[in-house]
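This is the structure, below, for whatever I ask next.
The values are calculated or read from the model by the stated rules, or taken from the named source; none is laboratory data. In this text, all values refer to a predicted model and were calculated from it rather than measured experimentally. Cβ placement follows ideal geometry from the backbone for every residue including glycine, while neighbour counts extend to all protein chains displayed.
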Amino acid sequence: MSTTYEMVIGVEVHARLATRSKMFCGCANRFGAAPGTLACPVCAGLPGSLPVPNRRAFELGLRVCLALSCRIGRSTRFDRKHYFYPDLPKNYQITQYDEPLGVDGRMEVDLPKEGILPVRIRRVHLEEDAGKNLHGREGGSSLVDLNRAGAPLVEIVTEPDFRSPSQAKAFLQALQRLLRTLEVSNANMEEGSLRGEPNLSLRPAGADALGVKTEIKNLNSFGAVERALRREAERQRGILEAGGRVRPETLLWDEGRGETRPMRSKEEAHDYRYFPEPDIPPVRLDAGWVEEIRGGLAELPLARRRRFERAYGLDAAEAGILTEERALADAFEACVRAYPRPADVSRFYQKEVRRLLNEKGWRMQDFPVPPEQIARLLRLVEEGGLNPAQARACLAEAASTGRPVDAVRKEKGLEQLRDASRLSRVVAGVVAEHPRAVEHVRRGKEAKAVGHLMGVIMRETGGRADPKAARSLLVRALREAAGEGRGNAGVP
Amino acid sequence: MDPIGWTAERIREGTATGDIDPVEVVERTLERIRSRNPRINAFLYTDEAGALRAAERVQERVRRGGPPGWLLGVPVAVKDNQCTAGTPTTAGSAMLDGYRPPYAAHVVERIQEEGGIIVGKTNLDEFGMGSSCEHSAFGPVRHPQDPERTPGGSSGGSAAAVADGMACLATGSDTGGSIRLPASLCGIVGLKPTYGRVSRHGLVAYASSMDQIGPLARGVRDAALMMNALAGRDPRDATSSSRPVPDYRADLERGVRGLRLGLMEESMGEGLDAEVERAVRGAAEALRDQGAEVVPCSLPHTAYAATAYYVTAMAEASSNLARYDGVRYGFRAPASSAAALVAGSRGRGFGLEVKRRVLLGAFVLSAGYADAYYRKAARIRTLVRRDFERAFATGLDALIGPTCPHRAIRLGERVDDPVRMYLEDVHTVSANLAGLPAVSVPAGKAGDGLPAGVQILGGPFEEGTILRIGRAVEKARGGARLLDGET
C-alpha cells in the first residue's frame, strides 16, 4: 500500500542591498570589479578594524519589513555568528540573531491557477556577505576575493507555507518583483544578488507533524529552484518508501547533473556561538524614522495590479503584465495622465514599446522615450496625423535619437499638411473623384460622406493632412458641390 | 639639559616657546632607551629615525608658529596593541610577529596631530591577556626598580617605560585593569577612561565591550594633558561618544573640599596586602584632611565581578581572535589543506594563556552552556553596574579603594597559577564591567620602596573629577618620581 506524501516547503532568501557602500565600511558595494579592488582593513578583518553600520542599509531593510507587514521593534541589534571558513575574514559573520529588524510578516502571492497564496514571513534581518574563494589558480593554490566581503544583505525567511515546488518558485518571482519595485535590490539570481535557499520535508497527506527537512543551496535560477525541489522530493519519497529516514542536511544542487549532493561529507552539527556584537551598540528604530520610510514606500506590485484593474478597466492579465516591472507601470500611468485612454496606452506599451525593447535588448528603465511623448504619438494616431506604421517608425526613431516625436515626424516628412491651398487642391480632387459622396450629402448623409472621404484624403496625403483643417475644407467643398447640383434642379 | 624626568607640561611649554629643542629631547630619550631597555624589555620596537623626523617636524611647526598641540615635543610610547602605519604591531604575539598594519590607530593619529613624538612600541601580555607581562611572546618586562619583579600588566611595557624615564607619556589599554594595575605597581598614574571616551579604532581587540585606551604618566597633570589629546568622537568606532571633550586640566587644582567619597568596603578586607591597605587608608585620610567627606560604601555584587569579567572577556576574546587563522596576514603554519592551515597557524601562533582564554571563551558561548556562563555573566554585569548607579545616586562624587591587592610580585611567582593570576584584577574589573572611568594614583611606598596605588572611580565621563581627586592625593602623598633614583 503506498502512502501519498505532502511536500512542506519553506524558503530562505538573501538579497544584496543596492547601497552605494558596504554594510560596515565605506568600500563600494559593486558587482564585477577586479578581485580584491574593493576591500579595506574592515573587509579584510585586519586587527583593530571596527564595523560601522550603514544607515542606508537599514532604510532599505525597513522598506522590506514594511512592505511585508512585519512587526518592527523599537531597537535592533547585531550578533556574531562564528564559523571558520577562508572566505569569512573575521571567521564570524555580523548578522542579527534574536533581535532581527522585522518579524511576523506576510505576503500574498498570486498563483496563475490556484489564486492568492498567503505566505507567512518569519523574519527579516540584515547581515554582511562573505568573500569568495577562487580555486584552481596559481599552481593549485586557492585565493580569496574580498570584494563581496561585507556587502549588505537582507535575509527573508518564510514559514513552511508552500506545498509544491511551483509555489516556492512563484513566491521567489513575486519577491523579486517586490524587491525591485521597492528599489531595495537588483535581485538578480544569475548574478547572485538574489539567492533562494528552499527547505523541504515530506509528510503523509493529512498529517500535522512535520517530517525531517533538508535545505538546498546553489540555485542560480527560478527554474533550478523548481527542478531541485522536485528532485529532492523524489529522493525523500524514495527513502521514506523504502522505510528509511531522511537525514537533516544541507544539499548542493548540481544543475548539470540535475541532482543534489550533500554539502559536507560528514554530518557536522554547527555551533555558531552567537552573542551580541559588542562593536555596534543597539540601533534605535525611531518611530518617526520608520514612518518616514513607510511614507516613501512604493506601491507594491499586487496592490498596484488590483488598482490598475479597478481604475483603468484593464483585465487581470493585462494589469499583471503592466505591473510586473515598476518602470513599465510608472510609464503607463504617466502616459495615461497625458492621454486618458488606458486601453490604447496599455496596448501600445505592450505591443510597440515591448517590441522595441526586445529588439534593442533594453530594459524598461532605460527606455529613452518619455511617457508624455508616447501620449503625443497616440494622439497623432487618433487624429489621423499618423497611421500605425508611421507611429511605429516615429517611435523607433525617437528611441534611437532621443528626439521628440514632433521633431522626428518633421524630419521624416511626416509633419502635417496645413497649407490651405495645397489642402484645398487635394480636397477638391477627392470630391471630384467621388460623386457618390456628393450624392450622399444631398440625401442628408453628410457625416458618412465626410468620414469616408477623410479616410481617402489621409491615404492620399500619407496621413499628413491636418485633420481639422482638412475636415472643414472637405465639409465646405462637399456642401458646395451638393448645392450646385441642387441649384440645377431649380431649388429656390 | 636633561629632559629625562621632566613633565610633559614642561616639555610642551618649553618647546612651544623655543626654549626646548624637541630633537634634543628625543635624542636624549632614545639614548635612555638604548641604555636601559635591554634590561627592562619595555620596548618591543623603537623607531629612532621616525622619532627624529617627527621631532624635526615639531621644530618646523614651532618655527612656522603653528598650533601648539597638547603634546608638542613630548616623547610618547605606544602600547604595541595599537596600530602604527607601516611599523610593527605585534600585540605581544608570535601570531603577529612581523605584521605591519597599513593604517594607524585613532590614538596614534591624535598623538601625532598634537605634536607628540612616538618613540616606540611597548611590550605587553599577548593580546592584553595577563596581569604581569609574563605572557608576552617576546619575553617578560622587568620592574625598573627590581629586575626580579614584574611591573604588572598588561600595559607593563608602557608603565615601566614611563616610570623609568624611557618615555614621558605612554598609552595603555585597559580591559580589566591593564592600565591601572601596572601604574599602581610602578608608582605612576594610569587612567582608564569611560567606555566610549577614546576611540578603539586601530586597537587590537581583546574584549571589545570593555577595552579602552588611556594614558600612563608620572603625574596627574600629565595624564590629564594626554587625555586632552586622546579623547573625543571618532566616526570609525560606533561605540565612540560624541560628548564634547573638556580641558581635563581645568579643575585639577580646585581641591576636594565638599566632595563626598565612598571608601569601597568590599575591597578593603581579606586578601589585601597590609602595606597596600595602609597606603589606601593614608590617601583617604589625606583627602579628609583636605576637606573631602569620606564615607564607607558597599557594592554588594563586587564579589562576583571578577568571575563575570573573565567569562565575558574570554567569550569576546574567543570571537575577536578567530580572525588569526594564517589566511590573510600574520603567522602561517605550512599545511596542505585549509583546515590544517587554520589549526596549525593557531596552534603554533598563539601562546598558552591566549589558547586557554580562547578555549574557555568558546566553551562559555557554546550551545547548552551559554545560559549558565555567558548570559549569567551578562546579568551579573548589569547588577554590578546598578551597584555603582546606586552609589552615585546617593550623592557620592567618586569611590576610592586599592588598585591591586598587593605590590609588585616576583617574576614566575604566579605565572603557573592562572586562577591566582586572574585575581590580580579583582579590584579593577568592576570599572570595566560598568564602563566607568577609574584612575590609579601613587598612594605611598613601603619600607622596601615598592609603590602602591589608590584607585579612584567616577561616574560616566567624570574623568575630570577623579583626576582632580587624584591630584589631591598626589600633592599629599608625594606622587611619582623616576624609579631608578638617577634624577
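Looking only at the range B:358-399, count every residue that is assigned to a helix (DSSP H, G or I) and either among the hydroxyl-bearing types (S, T, Y) or within 14 Å of another protein chain (Cβ to nearest Cβ) (or both) and tell me the total.
16
Any idea which residue in the range B:294-323 is nearest to the other protein chains (Cβ to nearest Cβ), counting only those that are touching a strand residue (DSSP E or B) at 6+ places or on another chain (Cβ under 7 Å) and within 23 Å of B:R281 (Cα to Cα)?
B:L299
Rundown of residues vs (1) among the aliphatic types (A, V, I, L, M); (2) under 25 Å from A:N199 (Cα atoms), yes/no style:
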{"position": "A:C27", "(1), (2)": "no, no"}
{"position": "A:C40", "(1), (2)": "no, no"}
{"position": "A:C43", "(1), (2)": "no, no"}
{"position": "A:P47", "(1), (2)": "no, no"}
{"position": "A:L62", "(1), (2)": "yes, no"}
{"position": "A:S69", "(1), (2)": "no, yes"}
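Also, I was wondering about something else. Before we move on, is B:A167 over 13 Å from the mean Cα position of the chain (by Cα) and either in a loop (DSSP other than H, G, I, E, B) or more than 14 Å from chain A (Cβ to nearest Cβ) (or both)?
In short, yes.
Can I ask one more? Among A:G296, A:G320, A:G288, A:G313, which is loosely packed, with under 15 Cβ neighbours inside 10 Å and either touching a His at 6+ places or on another chain (Cβ under 9 Å) or closer than 16 Å to A:R347 by Cα (or both)?
A:G313
Here is a follow-up. Does A:G451 count as in contact (Cβ under 8 Å) with a residue 60 or more places away in the chain, out of contact with any Lys or Arg (no Cβ under 9 Å at 6 or more places or on another chain) and within 19 Å of A:L380 (Cα to Cα)?
The answer is no for A:G451.
Here's another thing I want to ask about it. Does B:R420 count as within 14 Å of chain A (Cβ to nearest Cβ), within 24 Å of the chain's Cα centre (by Cα), closer than 30 Å to B:A279 by Cα and of a type outside the set (F, W, Y)?
Spelling it out, it is not the case that B:R420 is within 14 Å of chain A (Cβ to nearest Cβ), within 24 Å of the chain's Cα centre (by Cα), closer than 30 Å to B:A279 by Cα and of a type outside the set (F, W, Y).
Let me ask something else. Hey, can you tell me all the residues within the range B:170-193 that are within 14 Å of chain A (Cβ to nearest Cβ) and either within 23 Å of B:E9 (Cα to Cα) or surrounded by fewer than 24 Cβ atoms within 10 Å (Cβ to Cβ) (or both)?
Passing the criteria: B:T171, B:S173.
Picking from B:A137, B:A205, B:A183, B:A159, which residue would you name as being within 21 Å of B:G73 (Cα to Cα) and either out of contact with any His (no Cβ under 6 Å at 6 or more places or on another chain) or in a strand (DSSP E or B) (or both)?
None of the other options fit; the residue is B:A159.
One residue is enough: does the range B:86-99 have a residue meeting the conditions touching a Pro at 6+ places or on another chain (Cβ under 8 Å), of a type in the set (V, I, T) and in the same structural domain as B:G202 (by TED's automatic domain parsing)?
Yes, the range B:86-99 has at least one match.
Quick one: A:A207 ticks every box in (1) among the small types (G, A, S); (2) surrounded by 23 or more Cβ atoms within 10 Å (Cβ to Cβ); (3) modelled with pLDDT under 95 bar one, so which box is it?
Every condition holds for A:A207 apart from (2).
Test B:W6 against the criterion of being closer than 27 Å to B:V204 by Cα, among the aromatic types (F, W, Y), more than 14 Å from every other protein chain (Cβ to nearest Cβ) and in contact (Cβ under 8 Å) with a residue 40 or more places away in the chain, and give yes or no.
For B:W6, the condition - closer than 27 Å to B:V204 by Cα, among the aromatic types (F, W, Y), more than 14 Å from every other protein chain (Cβ to nearest Cβ) and in contact (Cβ under 8 Å) with a residue 40 or more places away in the chain - is not met.
Here's a check for you: in the range A:32-55, which residue that is more than 12 Å from every other protein chain (Cβ to nearest Cβ) and in contact with a strand residue (DSSP E or B) (Cβ under 8 Å, 6 or more places away or on another chain) is nearest to B:P101 (Cα to Cα)?
A:L38
Among the residues of the range B:353-385, which ones are surrounded by fewer than 21 Cβ atoms within 10 Å (Cβ to Cβ) and in contact (Cβ under 8 Å) with a residue 40 or more places away in the chain?
B:E353, B:R356, B:L359, B:L360, B:A362, B:K376, B:A378, B:I380, B:L383, B:R385
Let me ask something additional. What residue, of B:A250, B:A238, B:A217, is out of contact with any Ser or Thr (no Cβ under 8 Å at 6 or more places or on another chain), among the aliphatic types (A, V, I, L, M) and farther than 30 Å from B:D125 by Cβ?
The unique qualifying residue is B:A250.
So which residues in the range A:393-438 are polar (S, T, N, Q) and in contact with an Asp or Glu (Cβ under 7 Å, 6 or more places away or on another chain), if there are any at all?
Listed by number, the list holds a single entry, A:Q416.
Just the residues that are in a helix (DSSP H, G or I) and either acidic (D, E) or more than 14 Å from every other protein chain (Cβ to nearest Cβ) (or both), please, taken from the range A:56-80.
Matches in the range A:56-80: A:R56, A:E59, A:L60, A:G61, A:L62, A:R63, A:V64, A:C65, A:L66, A:A67.
Per-residue answers, yes or no, for (1) of a type outside the set (A, V, I, L, M, F, W, C); (2) more than 18 Å from A:A470 (Cβ to Cβ):
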| site | (1), (2) |
| --- | --- |
| A:A393 | no, yes |
| A:S400 | yes, yes |
| A:P404 | yes, yes |
| A:G413 | yes, no |
| A:S421 | yes, no |
| A:S424 | yes, no |
| A:V427 | no, no |
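Within the group B:Y103, B:Y99, which residue is assigned to a loop (DSSP other than H, G, I, E, B) and in contact with a Phe, Trp or Tyr (Cβ under 9 Å, 6 or more places away or on another chain)?
B:Y99
If B:R64 satisfies every condition in (1) out of contact with any helix residue (DSSP H, G or I) (no Cβ under 8 Å at 6 or more places or on another chain); (2) surrounded by 19 or more Cβ atoms within 10 Å (Cβ to Cβ) but one, which is the exception?
(2)
Separate question: Here is a check on your reading of the model: is A:D406 assigned by TED's automatic domain parsing to the domain that holds A:Q390, of a type outside the set (K, R) and surrounded by 16 or more Cβ atoms within 10 Å (Cβ to Cβ)?
Yes; evaluated as a whole, the condition is true for this residue.
With a cut-off of at least 1 residues that are free of Cβ contacts under 8 Å to residues at least 24 places away in the same chain and in the same structural domain as A:P53 (by TED's automatic domain parsing), name the strands (runs of 3 or more DSSP E) lying wholly within the range A:81-181.
In the range A:81-181, the matching strands (runs of 3 or more DSSP E) lie at A:92-95, A:115-128, A:132-137, A:141-145.
Filter the range A:354-376 for residues that are more than 15 Å from the chain's Cα centre (by Cα), part of a helix (DSSP H, G or I) and under 10 Å from A:A331 (Cα atoms) and give the result.
Scanning the range A:354-376 gives A:P371, A:E372, A:I374.
Matching residues to (1) under 27 Å from A:P100 (Cβ atoms); (2) within 14 Å of another protein chain (Cβ to nearest Cβ); (3) not aromatic (F, W, Y):
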residue	(1), (2), (3)
A:V246	no, no, yes
A:P262	no, no, yes
A:H270	yes, yes, yes
A:P278	yes, yes, yes
A:V283	yes, yes, yes
A:E291	yes, no, yes
A:G296	yes, no, yes
A:A303	yes, no, yes
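Has the range B:448-460 got any residue that is part of a loop (DSSP other than H, G, I, E, B), buried (at least 19 other Cβ atoms within 10 Å of the Cβ) and at pLDDT 90 or above?
Yes; the residues of the range B:448-460 include at least one that is part of a loop (DSSP other than H, G, I, E, B), buried (at least 19 other Cβ atoms within 10 Å of the Cβ) and at pLDDT 90 or above.
Also, I was wondering about something else. For the range A:337-359, state whether one or more residues are surrounded by fewer than 17 Cβ atoms within 10 Å (Cβ to Cβ) and more than 25 Å from A:Y312 (Cα to Cα).
Scanning the range A:337-359, I find at least one residue that is surrounded by fewer than 17 Cβ atoms within 10 Å (Cβ to Cβ) and more than 25 Å from A:Y312 (Cα to Cα), so the answer is yes.
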